[in-house]
Ligand code: SAM
């Protein structure tokens, strides 16, 4: 497999994921003082969680760690207030850092990120950082979601594969841009939660699959784009093989402590490789990723 490298743009200061950072906040309304409460678009799904809910705290009480679902938290603020936070996020965190892709900016403005974070983090949903989502995993920093989506640049008729569903937020952004999105997650609970949220938001062009995404998802290949949202030790040949001609693969590659964002484009006789910015993601665990050490 021939890979030619054409450009290098390296910004190691843009380290984007800090999965170990707790940033735990327990009272959303203490952290952001917004004027009104309202029903959210997910309020109809308030009873959808498979877990129990503590009546006083609204937190989940089943054996799912500190999971708490958004049906409770997303009623705290008016949708208009979230929309204002989102618009500010797009301007200050994304456009100001050089992402100018109009369709990507529109998608980032459209997708309600607060619906994808855990309830304890509702006030931080539009902050410039990743947040915990359970199972030791994270929802990525908004800037990184935008930068990777712009790098993938899916056409409206494209089929794309995302490896690492996590919260489902990145898949929702892709769903606004591509024709259909297949997203694969190794943690069944995260996959189930993401699917519920995507369904509640009416994003019918996303299919959530449980499995080892380092193997890709051959059933629906070829893909116009494949995005991996976890850190890989190398570019898996399985993913390269599932790209259509002209298709792009966007993937963080490196050690578990630090990676570079790689963009490979399938050409007639090999792959063109670009190295973008430095980043830090949780590891890709699987046959073509890092070994599973209970992560
Ligand atoms: N894109 C996600 C979002 O929008 O919330 C964030 C992804 S999180 C940084 C990385 C995800 O990749 C985790 O949910 C993790 O469980 C998942 N993951 C790691 N290895 C995987 C594999 N081999 N197949 C599928 N998912 C994997």
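Read-outs throughout are calculated quantities, based only on the coordinates presented, and are distinct from any laboratory measurement. Here the structure is a predicted model, which means the values were calculated and not measured. Note that each Cβ is placed from the backbone with ideal geometry, even for glycine, and that neighbours are counted across all protein chains shown.
Distance in nm between label sites at residue 83 and residue 204, each 7 Å beyond Cα in the beta-carbon direction?
In this crude spin-label approximation the distance works out to 2.4 nm.
Show me, bin by bin at 10 Å from 0, the whole-percent P(r) of the range 198-282 based on Cα pairs.
The distribution over the range 198-282 is 17, 44, 32, 7, 0, given as percents.
So what are the range 246-295's ellipsoid semi-axes, whole angstrom, largest first, if each one is the square root of 5 times an eigenvalue of the alpha-carbon gyration tensor?
24, 14, 7
Using only Cα atoms, figure out Rg for the range 153-295 and give it as a multiple of 2.2 N^0.38 Å.
The value comes to 0.98.
Provide, in order from the shortest bin, the percent of all Cα-Cα pairs of the range 70-217 in each 5 Å bin, continuing until the bin that contains the maximum pair distance.
Calculated P(r), rounded to whole percents: 2, 11, 20, 24, 22, 15, 6, 1, 0.
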